[in-house]
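Note sheet for the following structure.
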Amino acid sequence: MTMSYSDKVLEHYNNPRNVGSLPKDDVTVGTGLVGAPECGDVMKLQVKVDPETGVIADAKFKTFGCGSAIASSSLATEWLKGKTLDQALEIKNVDIVNELSLPPVKIHCSVLAEDAIKAAIADYKRKQAEAEQGHDNGTAPAGGGTAAAGVR
Amino acid sequence: MNLPIYMDCHATTPVDPRVLEAMLPYFRERFGNAASRNHSFGWQAEEAVEAARKQVAALIGATAREIIFTSGATESDNLAIKGAARMYREKGDHIITVVTEHKAVLDTCKHLQKEGFQVTYLPVGRDGLVDLDQLRDAITPKTTLISVMAANNEIGVVQPIAEIGRIARERGVLFHTDAVQAAGKIPFDVEAMNVDMASLSAHKMYGPKGVGALYVRRKNPRVLLEPIIDGGGHERGMRSGTLNVPGIVGMGKASEIAAAEMAEESVRVAGLRDRLLAGLRGGLDEIYVNGSMEHRLPGNLNVSFAYVEGESLLMGISDVAVSSGSACTSATLEPSYVLRALGVGDELAHSSIRFGLGRFNTEEEVDYVAGKMVQVVTRLREMSPLYELAREKASGRAAT
């Protein structure tokens, strides 16, 4: 039941892309931490954004979870690089399901990856808004989302 | 050394070549039905079954007539618990069992609850053992049956069967034990332990799948069971159905080998298990053994590798056959109920791996598995946000 992984899941599991961490206090870095250890899945996904262009320059992940969760987050970081924030928000869990041929019992892994992307971008936007407020004493341009949605 | 390595002996064991040899004639020329009374084919089959019955009985200190052959231990558990509960319903309707029992026992008890029986599910301590005082307190005048497994299939913890047997006998309550994991691995004697019924399985002790047995005491006290399968009245009327002669012959041979080699084998297998644990501890910190190490089957090791999820671990050691208590590996998508019952947190339950060592494992295999585990756990921890958080916390504490 559990061992019927697709080749792509195995590939990402054996050669995960972009494992690691970005400095989470950097204002150009957004961090999303989703899932819960009790449920067997925690994903940390980070994006580093070029504030001038709004393009994601780098993405990193760390995941506690099954092979499909690792593969979903690895794939997500691969897809995020080079995308604008708006493009990144268009990544949907079904895209991940299709790309990795995830079975129904593993769909939640893709949902978690989508949540992690959203949380990371929300965290980046919040930081930017705060930075802008701090520097210009102006109003925040974008709504401040909450990072680490749902963790623990 | 051949790959993949099999280290999942609680799930099943390979058939011992000596067992297979003993079985083969009963698929070929000696194919008779043991219930055929009028020709040599039947007599030959019956003779083989009776010889096997003696071999199985000898393994557990019983007499041959007390052995009922079944299709496996799930059937044996069903027959023992449903059979005794229904047979003695007029005496009482209360059953006592334990939360860490195999599903074959737990689901049978749940079924009986639907028929109106009362069931007490005793908790276990952190070490996986039942508390004998709690057991004593749970017995009521309505209690007819206590069912406690001899050794657990996930954590290998061995319950105090002799003490439970003594309590049950004193209180006049029947005592059934699921001895599937214990029989042939550790000393198990129905007389010395006051066991009234015991479930056995051939394929957990290097015999074939599809055959098991139920020991049913014939005197002091004589145990009667209401059958759950009706038919031709085989097996003293307790289990109708044509006997699986080759399987029974295999179970007999497997029992004979186990009885002869247990003393030596259990020391050797425990040595392998301890070597595995030492290898894991040598290469990794924050690993936790689940359940008592003292009261444990020689071949069992159940370990949680903190910060790493079990299924991803299994993926990393795909040339080693082991099991995990992770939700992702279970049909129910829940982490192991046995580990939960011990008070192991869900996070560590997700991180658990069960190693089941047995007769055919070697030191070379153990060293390979330990090395591979260390390598994979280390790699996955580098990938784990929980490990990173724990390290940050630890260094934060060190800095302040």
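Listing for the model above:
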read-out: Alpha carbon centroid spacing (whole Å) that separates region B:158-206 from region A:25-102; value: 53
read-out: Rounded Å value of the spacing that divides the Cα centres of region B:243-274 and region B:1-45; value: 14
read-out: Relative contact order for chain A, counting Cα pairs under 8 Å that sit 6 or more residues apart, in percent; value: 28
read-out: Under 22 Å from the Cα of A:LYS48 - lysines, other chains or at least 8 residues apart; value: A:LYS24, A:LYS60, A:LYS62, A:LYS81, A:LYS83, A:LYS92, A:LYS118, A:LYS125, A:LYS127
read-out: All lysines inside 17 Å of B:LYS54 as judged from Cα atoms, apart from same-chain residues fewer than 8 positions distant; value: B:LYS253
read-out: Whichever lysines have a C-alpha closer than 29 Å to that of B:LYS91, once near sequence neighbours (fewer than 8 apart) are set aside; value: B:LYS82, B:LYS103, B:LYS110, B:LYS114, B:LYS142, B:LYS219
read-out: Given charges at beta-carbon only (K, R positive; D, E negative), |dipole| of region B:2-158 in Debye; value: 440
read-out: Helix B:363-382 axis, angle to chain B major axis (alpha carbon atoms, nearest 10°); value: 50
read-out: Degrees between helix B:40-60 axis and first principal axis of chain B (Cα, 0 to 90, nearest 10); value: 50
read-out: Computed magnitude of the charge dipole of region B:249-400 (debye, nearest 20; Cβ of K, R +1, Cβ of D, E -1); value: 220
read-out: For chain B, built as a Gaussian network whose Cα springs stay under 10 Å, the top-fluctuating residue of B:VAL105, B:VAL56, B:VAL377; value: B:VAL377
read-out: Chain B: most fluctuating residue of B:LYS82, B:LYS185, B:LYS91 per GNM, C-alpha cutoff 10 Å; value: B:LYS91
read-out: Loop GluC sites (Glu not before Pro), region B:64-122 (other Cβ atoms within 10 Å of the site Cβ: 10 or fewer; DSSP); value: B:GLU90
read-out: Counting DSSP beta bridges with both ends in the protein assembly as shown, the antiparallel % (nearest 5); value: 70
read-out: Which of B:MET87, A:HIS12, B:SER71, positive extreme of dipole for the protein assembly as shown (C-beta unit charges); value: B:MET87
read-out: Span-like helix ranges in chain A, DSSP H, alpha carbon extent 15 angstrom or more, Kyte mean at least -1.0; value: A:67-80, A:107-136
read-out: Residues with amide H under 5 Å from that of B:SER324, placed H, sequence gap 5 or more; value: B:ARG354
read-out: B:THR74, B:THR378 arranged by Cβ crowding within 10 Å, fewest neighbours leading; value: B:THR378, B:THR74
read-out: In order through region B:383-394: 3J(HN,Hα) via Karplus (6.51 cos²θ - 1.76 cosθ + 1.60), integer Hz, x for Gly, Pro; value: 9, 9, x, 6, 5, 4, 4, 5, 5, 4, 4, 5
read-out: Cβ-based exposure ranking for B:CYS328, A:CYS66, B:CYS109, A:CYS109, in which fewest neighbours within 10 Å come first; value: B:CYS109, B:CYS328, A:CYS109, A:CYS66
read-out: Ranking of B:TYR337, B:TYR307 by count of other Cβ atoms within 10 Å, fewest first; value: B:TYR337, B:TYR307
read-out: Within the protein assembly as shown, helix-based [θ] at 222 nm, where runs of 4 or more DSSP H residues each add -39,500 (n - 2.57), nearest 500; value: -13500 deg cm²/dmol
read-out: Residue (of B:LEU280, B:PRO246, B:ASN302) at the positive-pole extreme of the protein assembly as shown, dipole from beta-carbon charges; value: B:PRO246
read-out: Crossing angle, helix B:73-87 versus chain B [Cα axis fit, 0-90 degrees, rounded to tens]; value: 60
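FYI, it's all coordinate maths here, none of it is from the lab. The model shown is predicted, which means the values in this text are computed figures rather than measured ones. Glycine also receives a Cβ, built like all others from the backbone with ideal geometry; neighbour counts cover every protein chain displayed.
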